[in-house]
Amino acid sequence: MTPNVLILRAPGINRDADAALACELAGATAERVHVNRVAEGAVRLRDYAMLIIPGGFSYGDHLGAGKLLAVDLAHRLGDQIRDFVADGRPVIGICNGFQVLVKAGVLPGDAGAPSVTLTENCSARFECRWVHLQADPQSRCIFTRGIELPIEIPIAHGEGRIAVSDDAALERLRAGGQVALRYVAEDGGVVEYPANPNGSLDNIAGLCNPQGNVLGLMPHPENAVLPQQHPRWTREPWRIAGDGLALFQNAVAYAKSL
Ligand SMILES: NC(=O)CC[C@H](N)C(=O)O
């Protein structure tokens, strides 16, 4: 059966159409649904195979990027999201969506006080360019399965720096296979700014929950699904697809297996 994806819309979200295209190219159907329609019960999260919280500037990034939509989701959709995640269904929060999942307490999914947040880039500037990412081979993330070589994906954010409460919390994330993606050099080497665009600890670009079905990442894989989206597509050998498509294809295959 073709998985149907709920792509959440909310004031200030601006990457919902891009996410819908990525899902369709990956073999799913996609519905862009406003958060109010879910909250009012017009649609139910459990009627969908996958949830995407796209990028943008939800509620204008007031009180910090993703904060107000996080409070909204926790207050109005908390039970539905908890059940959806517990069912093992795939959830991806992209950039603003990652900030929302972290600030709503869905990621990293550890019990107790939050151990992770996303905050201002070290440069104190909005950073917008293409970066190279490496999936952590120890990760449990279902979105990055089989992605062994560095991939090239765009970023565009002001508050993408992952901060962790202490070394023990970072070690728990690493040991638990929850570090899904890191910023790397084109050859996979270790980097600093600007290849790590925000100064995130351990060059972390994406985290997953302990079960691996929830991924949050600052880069925008939905903006790297078509060959022509790559900035050098006319000057390099033809790519059959953008590097970001594999994440959506993995999620669709996983959703079909549930
Ligand atoms: N592209 C995005 O989703 C941006 C996220 C958030 N508005 C920030 O600037 O950090």
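Values computed for the structure shown
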read-out: Residue that is surrounded by the fewest Cβ atoms within 10 Å (Cβ to Cβ) [pool: residues in the range 150-204 that are in contact with a strand residue (DSSP E or B) (Cβ under 6 Å, 6 or more places away or on another chain) and at positive phi]; value: Gly188
read-out: Those residues of the range 170-200 which are out of contact with any Asp or Glu (no Cβ under 8 Å at 6 or more places or on another chain), touching a residue at least 12 places away in the same chain (Cβ under 8 Å) and among the small types (Gly, Ala, Ser), in sequence order; value: Gly176, Ala185, Gly188, Ala195, Gly199, Ser200
read-out: Of residues in the range 95-138 being of a type in the set (D, E, K, R), over 22 Å from Ile13 (Cβ atoms) and surrounded by 17 or more Cβ atoms within 10 Å (Cβ to Cβ), the one modelled with the highest pLDDT; value: Asp136
read-out: Any hit, the range 37-52, residues being free of Cβ contacts under 8 Å to residues at least 60 places away in the same chain and within 12 Å of the ligand (Cβ to nearest atom); value: no
read-out: Some residue of the range 112-121 being within 16 Å of the ligand (Cβ to nearest atom), more than 19 Å from Glu222 (Cβ to Cβ) and without any contact (Cβ under 8 Å) to a residue 24 or more places away in the chain; value: no
read-out: Number of the exception - Gly189 against (1) over 29 Å from Leu258 (Cα atoms); (2) in a helix (DSSP H, G or I); value: (2)
read-out: Residues located in the range 1-42, provided they are surrounded by 18 or more Cβ atoms within 10 Å (Cβ to Cβ) and in a helix (DSSP H, G or I); value: Asp16, Asp18, Ala19, Ala20, Ala22, Cys23, Leu25, Val35, Val38
read-out: Only one of Gly244, Gly212 that is under 27 Å from Leu51 (Cβ atoms), surrounded by fewer than 24 Cβ atoms within 10 Å (Cβ to Cβ) and within 19 Å of the chain's Cα centre (by Cα); value: Gly212
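The values are calculated or read from the model by the stated rules, or taken from the named source; none is laboratory data. The structure displayed is predicted, hence computed values, not measured ones. Cβ: placed from backbone, ideal geometry, glycine included. Neighbour counts: every protein chain shown.
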